[in-house]
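The values are calculated or read from the model by the stated rules, or taken from the named source; none is laboratory data. Being a predicted model, the structure only gives us computed values, none of them experimental. So basically every Cβ, Gly included, is an ideal-geometry build from the backbone, and we count neighbours across all protein chains shown.
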Amino acid sequence: MPAVSAATALPLFHLYGDPPDDQAFDFIHIETISSRSARHDWTIRAHRHRNLFQLVVIAQGGGEMSFEAATLALEAPCAILVPATVAHGYRFRPDVTEGFVLSFTEEEARGLGTRADSALDRLRALAVEPVVELGAPELERVRTLCASLQEESFLARDGYKLAMRGYLALVAIEIARLAASRARTGTMTLTAADPTVEALRRVVEEHFRKQRLLNFYADKLAMTPDRLNDHVKRATGVTAGHLIRQRVLTEAKRQLVFTAQPIHEIAYDLSFSDPSHFARFFRKQTGSTPQDFRAQGGG
C-alpha cells in the first residue's frame with residue numbers, strides 16, 4: 001500500500017498531524033472522516049498513537065487501510081478498531097467517504113466503570129481483526145450516538161464531559177457486541193484482559209528493543225520466570241517468551257514496510273548481534289527473509 005506508507009519513518013502523533021501528547025488524559029475527541037482526510041487528499045499516511053484508542057465508523061464510501069504490515073479493504077458500512085501503538089493508515093475514496101473518527105484515552109474509558117472497561121478489553125482483544133461489518137440498523141444506532149457525542153463536544157454545555165463519556169460508553173458497547181458476535185461465529189475466542197499479561201505487555205513495550213530475556217521481565221513484575229511463563233500460558237495459550245518475540249517481530253515488520261532504513265540498521269536498532277542473526281530470527285518467525293518481506297510490501 002505505497003500511498004499510505006511513510007517514506008522514511010513511522011510518525012507518532014496525538015491526533016493525525018499533531019505532535020504526541022504524553023500528558024493527555026480525560027480526553028475524548030470526535031470528528032468526521034472528511035474534516036481531516038479531505039485536507040490530506042483523502043490519504044492518511046501510516047502512523048501510530050501512543051495513548052489513544054480509536055473507533056472509526058465508515059457510513060458511506062470506503063477505500064483501504066494499512067494495519068501494521070497488512071493491507072485491508074474497507075467498504076461501508078463498517079467500524080474499525082485501532083488500539084494505541086498500532087501502526088495504521090488509510091486511503092479513502094475521495095469525496096464519497098464519510099463517517100466519524102472517535103479518539104479517546106484508555107484511562108478515559110476505564111473511568112466509566114467495570115462495564116465500560118470490559119467493553120474496552122473486548123475491543124482491544126478483537127482488534128487483531130480490526131474491521132467490523134455493520135448492518136443498516138447497527139449503523140444507524142452508532143451514527144446517531146456519534147452525532148450526539150459530536151454535538152455535546154461542539155456545544156460544550158453544562159455537563160457535556162459527562163454526556164460525552166456516556167455516549168462513548170454506548171458506542172464502545174455497541175461495537176463490542178458486534179465484534180463479540182463475530183468472534184462467536186468465527187475462530188477467535190473472547191476473554192477479558194488478564195492483569196499480569198497486560199502488565200507484561202506494558203513492560204515489554206518499554207524495553208523490547210534492548211531486552212529479550214524472560215528473567216528481565218520476570219524481575220520487573222516481581223515473579224519467577226517459571227511462574228510468569230506458566231501464568232501467561234494459562235491466560236493466552238502462548239508463552240511469555242512468545243509475546244516478547246512477537247513484539248520484536250512486529251517492530252521489525254513496521255520498519256521493513258514503513259521505512260527505507262537499511263536492513264542492517266534495523267537489525268542493530270533491535271539489538272541483534274549482526275544482520276545474519278536478525279535474518280535467521282525473522283525467517284524462523286515468518287518463513288520469509290527480511291528482503292523478501294520488504295519487497296512484497298508486507299505480503
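Before moving on, here are some points about what is shown:
- Filter result (of a type in the set (A, V, I, L, M), more than 18 Å from F216 (Cβ to Cβ) and in a helix (DSSP H, G or I)) within the range 229-243: A235
- Conditions (1) more than 20 Å from V86 (Cα to Cα); (2) assigned to a helix (DSSP H, G or I); (3) among the polar types (S, T, N, Q): number failed by Q285: (1)
- Lone qualifier among R201, R182, R209 - being in a loop (DSSP other than H, G, I, E, B) and touching a residue at least 24 places away in the same chain (Cβ under 8 Å): R209
- Among residues of the range 245-261 being touching a Leu at 6+ places or on another chain (Cβ under 7 Å) and part of a helix (DSSP H, G or I), the one that is nearest to A46 (Cα to Cα) is F258.
- A279 being small (G, A, S), at pLDDT 95 or above and not assigned by TED's automatic domain parsing to the domain that holds S66: yes
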